Amino acid sequence: MSTITRHGMAARYSEASVFNGVIYLAGMVPEGPAADIRGQTQDVLAQIDAHLAALGSDKTRLLRVQIYLADITDIGAMNEVWDAWVAPGHAPPRASVQAALADPAWKIEVVATAAQR
């Protein structure tokens, strides 16, 4: 049986878990919530880059991404940042929806799944 490893554990959740070479990231939220949607998106995508690198992967190995926006009208600005970030030829399957986020200052939360190298 394969082992599940958990990373960045807190009492309520883990930042990530890895099972059978697949990385499951928790919802990444902005560390700088005062920023606009572009700044918050850059913040969250940088966190994803850092977590994936620490766990032996990168954005070219993304299997699926779920994007939660507090206001769906922010999708155009978010997509500008996303399009500059996503690796050409490696755009993952993605869903984007409007959702009430846990902190009213957050404009975005992103959940990602990736394969390890």
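For the range 57-108, the solvent-accessible area of protein heavy atoms averages 56 Å² per residue (probe radius 1.4 Å; ligands and nucleic acids excluded). Projecting the Cα atoms of Y24, S96, V44 onto the dipole axis of the chain, where Lys and Arg carry +1 and Asp and Glu carry -1 at the beta carbon, places Y24 farthest toward the positive end.
Here the accessible area is traced with a 1.4 Å probe on the protein chains. For the chain, carbon and sulfur cover 54 percent of it. Note: relative contact order over the range 11-117, using C-alpha pairs below 8 Å and six or more positions apart, is 41 percent. Taking 7 Å steps out from each Cα toward its Cβ at R6 and D58 produces label points 3.1 nm apart. Max-minus-min Cα coordinates of the range 1-85 on each principal axis give 45, 30, 19 Å, with the largest extent listed first.
This model, with +1 at the C-beta of Lys and Arg and -1 at the C-beta of Asp and Glu, gives the range 7-117 a dipole about its Cα centre of some 460 debye. Considering only alpha-carbon pairs that sit under 8 angstrom and 6 or more positions apart, the relative contact order computed for the range 1-55 is 23 percent.
The values are calculated or read from the model by the stated rules, or taken from the named source; none is laboratory data. Treat the numbers as computed from the prediction; the structure is a model and nothing was measured. Neighbour counts are summed over all protein chains in view; Cβ atoms, including those assigned to glycine, are modelled from backbone coordinates with ideal geometry. The area values use the complete protein model at the heavy-atom level, side chains included, leaving out ligands, DNA and RNA. Shrake-Rupley method; radii C 1.70, N 1.55, O 1.52, S 1.80 Å.
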